[in-house]
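Asker: Let me give you the structure first, and then I'll get to my questions.
The values are calculated or read from the model by the stated rules, or taken from the named source; none is laboratory data. Being a predicted model, the structure only gives us computed values, none of them experimental. In this analysis, Cβ positions are derived from the backbone assuming ideal geometry, glycine residues included, and neighbour counts consider all displayed protein chains.
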Amino acid sequence: MADSTWFYENFEHTGSAIGFRTVRKLDEVQSPFQKIEIFETTDFGNLMVIDGAMMVSTRENFFYHEMMSHAAIFTHAAPKDIVIIGGGDCGTLRECLKHAEVETVVQCDIDEQVTRMAEKYFPELCESNNDPRATVMFDDGIAYMAAAEPESIDIIIVDSTDPVGPAEGLFNRAFYETCFKALRPEGLLVQQSESPLALMNLIQDMIAAMADAGFRGFRTLPFPQPCYPTGWWSCTIAAKNGRDLTTFRNDAAAGKTFRTEYYNAGIHHGALLQPELLKRALKQS
Ligand code: SAM
């Protein structure tokens, strides 16, 4: 098949690329923040691309959305109030709302166009947007967290694009300080932390900045993500009170009553068993 029917994201940093065979481009919009494109692929459903970087595909977004939400939610003893910074495709929001004990979820993405595109091309990810516990709003996550009431949030999930453009300010000490202040004492921060294979120094810098902001316990959980550079991704959880992040509500996770495609209690335990390169680089035993 000719190259013109494939969409590739080249990752210069590792001299590698991820590609999907496409049927056609379904849509394209230049928002005030970024260029959003939607492709129909032959085998992976629809694909959202922002500024040339793949964000979600229909067939494999579950790895990311489930690990970004359920791992932290089952780690927290009593998660009631959650804020998602970014996450405009609404997949993380949908996963959070599967937990009956969660009372409120605010999703604050800077770009309304991402959500409008998701509603049209990924309706299944948006199926919980009208849940009475959900607030879908559009603002800069940096400003939102700076204005958040102190000790009002149980879990903050930073589901952002890569640390360039509008997301750059979501990866530094000043932002983490606002998160630290807004979290209740048992609160958790979870952030997508890119590829451990390609960007270990980014994960190290992120954890150092979180520590500078006051966070004391850290755990990086790797998981597969076929459409992101190298196919190996991670999220990093930080605890305000320094609690042990290698334990979670195992019985609740094992007995969960909602459907997932990837996450379960065993997968969570497995993600906590650190690959040697993560142990060495992050000193997380
Ligand atoms: N899972 C994806 C990844 O890791 O590549 C991220 C998906 S999600 C669509 C990322 C979202 O972060 C985008 O919708 C983007 O608009 C949003 N975003 C970027 N910077 C932001 C900011 N400063 N405040 C709020 N949302 C932001």
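Asker: Can you find a residue in region 214-229 that is assigned to a loop (DSSP other than H, G, I, E, B) and closer than 17 Å to E95 by Cβ?
Answerer: Step one: list which residues in region 214-229 are assigned to a loop (DSSP other than H, G, I, E, B), which gives 214-216, 225-229.
Then keep just the ones that are closer than 17 Å to E95 by Cβ; that gives 225.
There is at least one residue in region 214-229 that is assigned to a loop (DSSP other than H, G, I, E, B) and closer than 17 Å to E95 by Cβ.
Asker: Is there a residue being away from the ligand (no atom under 15 Å from the Cβ), assigned to a loop (DSSP other than H, G, I, E, B) and under 30 Å from K256 (Cβ atoms) anywhere in region 34-43?
Answerer: Yes, there is a match, as at least one residue in region 34-43 is away from the ligand (no atom under 15 Å from the Cβ), assigned to a loop (DSSP other than H, G, I, E, B) and under 30 Å from K256 (Cβ atoms).
Asker: Test V158 against the stated conditions and say whether it is closer than 13 Å to A239 by Cβ, β-branched (V, I, T) and assigned by TED's automatic domain parsing to the domain that holds L93. Working first, answer last.
Answerer: Values: closer than 13 Å to A239 by Cβ: no; β-branched (V, I, T): yes; assigned by TED's automatic domain parsing to the domain that holds L93: yes.
When the stated conditions are applied, V158 does not pass them.
Asker: Give the residues of region 132-149 that are in contact with a helix residue (DSSP H, G or I) (Cβ under 9 Å, 6 or more places away or on another chain) and loosely packed, with under 14 Cβ neighbours inside 10 Å, sorted by residue number.
Answerer: Result: M137, A147, E149.
Asker: Same structure, new question: Within region 202-213, track down each residue that is assigned to a helix (DSSP H, G or I), more than 19 Å from E276 (Cα to Cα) and aliphatic (A, V, I, L, M).
Answerer: Passing the criteria: M206, A208, A209, M210, A211.
Asker: If you don't mind, another one. Quick one: in region 21-62, of everything that is small (G, A, S) and out of contact with any Phe, Trp or Tyr (no Cβ under 6 Å at 6 or more places or on another chain), which residue is surrounded by the fewest Cβ atoms within 10 Å (Cβ to Cβ)? Working first, answer last.
Answerer: Taking region 21-62 and keeping what is small (G, A, S), we get 31, 45, 52-53, 57.
Applying the additional criterion that residues be out of contact with any Phe, Trp or Tyr (no Cβ under 6 Å at 6 or more places or on another chain) yields 31, 45, 52-53.
Details: S31: 15, G45: 18, G52: 12, A53: 17.
For region 21-62, the residue satisfying everything is G52.
Asker: Evaluate region 179-187: report whether one residue or more is surrounded by 19 or more Cβ atoms within 10 Å (Cβ to Cβ) and within 14 Å of the ligand (Cβ to nearest atom).
Answerer: Among the residues of region 179-187, at least one is surrounded by 19 or more Cβ atoms within 10 Å (Cβ to Cβ) and within 14 Å of the ligand (Cβ to nearest atom), which makes the answer yes.
Asker: Another question, then. Could you give me the residue pairs with C-beta distances under 6 Å whose first residue belongs to region 194-218 and is more than 23 Å from A53 (Cα to Cα), whose second residue is among the hydroxyl-bearing types (S, T, Y) and assigned to a helix (DSSP H, G or I) wherever it lies, and which are 6+ apart or on separate chains?
Answerer: So the pair list comes out as A209/Y176; M210/Y176; A213/Y176.
Asker: So, one more: All but one of (1) more than 12 Å from the ligand (Cβ to nearest atom); (2) under 17 Å from E127 (Cβ atoms); (3) out of contact with any Asp or Glu (no Cβ under 7 Å at 6 or more places or on another chain) hold for A72; state the number of the condition that does not hold.
Answerer: (2)
Asker: If the requirement is being modelled with pLDDT of 95 or more and in the same structural domain as D109 (by TED's automatic domain parsing), which of these qualifies: S69, S16? It would help to see each step written out before you state the result.
Answerer: Working: S16 fails: in the same structural domain as D109 (by TED's automatic domain parsing).
Of the residues listed, the single one that is modelled with pLDDT of 95 or more and in the same structural domain as D109 (by TED's automatic domain parsing) is S69.
Asker: So, one more: What helices (runs of 4 or more DSSP H), lying completely within region 79-164, carry at least 2 residues that are under 21 Å from F39 (Cβ atoms) and within 11 Å of the ligand (Cβ to nearest atom)?
Answerer: On the way: elements: 91-96, 112-121, 141-146.
Passing ranges, in order: 112-121.
Asker: Same structure again: Can you tell me which residues in region 63-106 are under 26 Å from F218 (Cβ atoms), surrounded by fewer than 24 Cβ atoms within 10 Å (Cβ to Cβ) and of a type in the set (D, E, K, R)?
Answerer: Correct list: E66, K80, D81, K98, E101.
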